[in-house]
Amino acid sequence: MRDKKELLEKRKMTKKGKPFFRKKDYYKSKNLAWRWRKPRGVDNKQRLRKRSHASIPETGLKSPKEVRGLHKSGLLPVVVLSLKQLGTLTKEHGVILSSRLGDKKRSMLVEEIKKRGLALLNLDADKTLSRIRADLKQRKEGRKKELTKEKEAEKKKSIEEAVKKEEAEAKEEAKETIRENAEAQAKEEKQLTDEEKKKLEKEEKDKLLTKKI
């Protein structure tokens, strides 16, 4: 069995000479992905290997079997999503952190990778940790500002409510005083009317008495 370093070097050399395969008519639309898809049409010129059409994969373009699927560093790349997966990896594996991870979980995994001395292939550990910490700090500051704004808004609201309450109480007091004044006036008028009635009754009695005499 040949040395792994030699095989990796050979793979690098062969990769330089390999063509870059794209699917048919990939340049015609943005919606068509730039990855390889085998042409299957009956009259497809690329499938029929016609002149002036893009070449298709064929035998003889593979890398050596011993280093096939390895990273350029010579490590076997493994996509990691959780801490449980890290427990199964060795020094021969290279870690690729999934793009679906959030900042919190990503920072935890990066710290664990650094502790275990594993190779991180798709990220710079120190840069990612510093970026995540800076983002968290910025978020905390933003949250503090939001909280202060909310508190100020609540204070303003409470002051406005207190002012409205005082105005409402003042209006009610004014209404009560008006009602009391109206009732007092009504009572006075009633008393006057009663006195007038008594006077009229007295006059009628006096008239009757004079007639009898």
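The values are calculated or read from the model by the stated rules, or taken from the named source; none is laboratory data. Please read these numbers as outputs of a predicted model, since none were measured by experiment. Positions of Cβ are generated from backbone atoms using ideal geometry, with glycine treated the same way; all protein chains shown enter the neighbour counts.
Taking residues in segment 116-128 that are more than 17 Å from Leu81 (Cβ to Cβ), and partners anywhere that are modelled with pLDDT of 90 or more and surrounded by 16 or more Cβ atoms within 10 Å (Cβ to Cβ), the pairs with Cβ atoms closer than 7 Å and at least 6 places apart or on different chains are Ala119/Gly94; Ala119/Val95; Ala125/Val110; Ala125/Ile113.
Take the residues of segment 1-56 that are hydrophobic (A, V, I, L, M, F, W, C) and in a helix (DSSP H, G or I): which is modelled with the lowest pLDDT?
Of all residues in segment 1-56, those hydrophobic (A, V, I, L, M, F, W, C) come to 1, 7-8, 13, 20-21, 32-34, 36, 42, 48, 54, 56.
Among the residues that remain, those that are also in a helix (DSSP H, G or I) are: 7-8, 13.
Working: Leu7: 66, Leu8: 68, Met13: 59.
Here the residue is Met13.
Looking across segment 110-147, the residues that are assigned to a helix (DSSP H, G or I), surrounded by fewer than 13 Cβ atoms within 10 Å (Cβ to Cβ) and among the acidic types (Asp, Glu) come down to Glu111, Asp126, Asp135, Glu141, Glu146.
Looking only at segment 66-84, residues that are touching a helix residue (DSSP H, G or I) at 6+ places or on another chain (Cβ under 9 Å) and not in a strand (DSSP E or B) come to 10 in all. Would you check if Ser63 is at pLDDT below 85 and either of a type in the set (Ser, Thr, Tyr) or not in a loop (DSSP other than H, G, I, E, B) (or both)? When the stated conditions are applied, Ser63 passes them.
Listed conditions (1) at pLDDT below 90; (2) exposed (fewer than 11 other Cβ atoms within 10 Å of the Cβ) are all met by Arg100, apart from (1). Residues being among the hydroxyl-bearing types (Ser, Thr, Tyr) and within 30 Å of Lys38 (Cα to Cα) are entirely absent from segment 123-141.
Note on segment 96-115: residues that are touching a residue at least 12 places away in the same chain (Cβ under 8 Å) and over 28 Å from the mean Cα position of the chain (by Cα) amount to 0. Taken over segment 64-110, the criterion of being under 28 Å from Arg35 (Cβ atoms) and in contact with a Gly (Cβ under 8 Å, 6 or more places away or on another chain) is satisfied by Val67, His71, Ser73, Leu75, Leu76, Pro77, Val78.
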